[in-house]
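Peer 1: Quick one: structure below, then a few questions.
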Amino acid sequence: MLLGVNIDHVATLRNARGGIDPDVLTAARICKDVGAESITTHLREDRRHIKDADVRAIRLLPKTRLNLEMAMTDEMQQIALDVKPDAVCIVPEKRQELTTEGGLDVAGQLDRAIAFVKPLVESGIEVSMFIDPDISQVSAAYKTGAQFIELHTGQYSEYFGTEKEEEVFQSLKGAAIFAQSLGLKVNAGHGLNYENVKRMHEIPDLVELNIGHSIIARAVFVGLAQAVKEMKELVEE
Ligand code: PXP
């Protein structure tokens with residue numbers, strides 16, 4: 001499996017003091033240099049962490065794969081078509097949430113999702129829909145023309161180590177296998193850490209895991225390069 005490192009919280013720390021430290025671009029470079037296959041950033045509507053200039057600067061880093069998470073809005077579609085990240089992941093977004101809560105309801109807005117995805121795919125961007133492990137959402141994501149889904153592992157992470165773990169894990173695995181049977185490629189992410197990430201190897205053919213908070217949190221104690229290296233070892237086959 002490949003590792004995408006979400007560096008949003010480097011920007012959260014930077015913005016806390018309104019200055020330039022810690023530098024997001026340096027963080028992206030370090031992650032890439034120690035083997036992260038993608039740099040993932042979420043450009044939120046309220047720009048609470050990553051800013052437009054960060055996305056554009058990361059895009060210019062040589063040999064760096066940029067995965068842009070964004071809401072299904074006209075503004076974000078324009079930015080994606082202009083910046084041309086390697087991949088976009090379409091996520092739901094509520095202003096007041098602390099982090100992305102729940103997957104995108106693709107089934108409930110299928111026509112809009114189809115229209116949103118089309119120009120992105122036509123411009124050569126890989127499109128992924130961030131959805132809950134729910135068969136109807138997987139089917140809807142397939143109908144949008146997106147090549148990927150990213151399965152929301154939030155519930156799995158929340159119930160990891162409890163008696164509900166197996167049930168939520170099996171629904172993730174089932175959703176992944178169903179998506180692959182349709183021809184979708186499957187990523188996963190949200191709430192993954194150095195412990196619960198290990199079971200992702202039990203899900204066949206996952207392409208990439210996108211992990212942010214646990215890596216940036218560990219980086220406070222061991223440094224970013226070491227934190228990414230440790231996660232990469234766990235994610236690699
Ligand atoms: N994938 C998606 C689509 C997300 O929205 C997020 C959070 O921004 C992540 C992965 C990473 O989640 P975490 O920070 O909990 O590792």
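Peer 1: Only residues that are away from the ligand (no atom under 16 Å from the Cβ) and basic (Lys, Arg): list them for segment 163-192, please.
Peer 2: Of everything in segment 163-192, those that are away from the ligand (no atom under 16 Å from the Cβ) and basic (Lys, Arg) turn out to be 164, 173.
Peer 1: For residue 69, state whether it is touching a Lys or Arg at 6+ places or on another chain (Cβ under 8 Å) and within 16 Å of the ligand (Cβ to nearest atom). Reasoning before the result, please.
Peer 2: Values: touching a Lys or Arg at 6+ places or on another chain (Cβ under 8 Å): no; within 16 Å of the ligand (Cβ to nearest atom): yes.
Taking the combined requirement at face value, the residue does not satisfy it.
A quick yes/no check of all residues on (1) in contact with a helix residue (DSSP H, G or I) (Cβ under 6 Å, 6 or more places away or on another chain); (2) more than 23 Å from residue 199 (Cβ to Cβ):
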residue	(1), (2)
53	no, yes
62	no, yes
66	yes, yes
76	no, yes
82	no, yes
112	no, yes
139	no, yes
161	no, no
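Peer 1: Taking segment 212-226, which residues are more than 14 Å from the ligand (Cβ to nearest atom) and in a helix (DSSP H, G or I)?
Peer 2: The answer is 220, 221, 222, 224, 225, 226.
Here, each number is a calculation from the coordinates, and none is a lab measurement. In this text, all values refer to a predicted model and were calculated from it rather than measured experimentally. All Cβ positions, glycine included, derive from the backbone under ideal geometry; neighbour counts span all protein chains shown.
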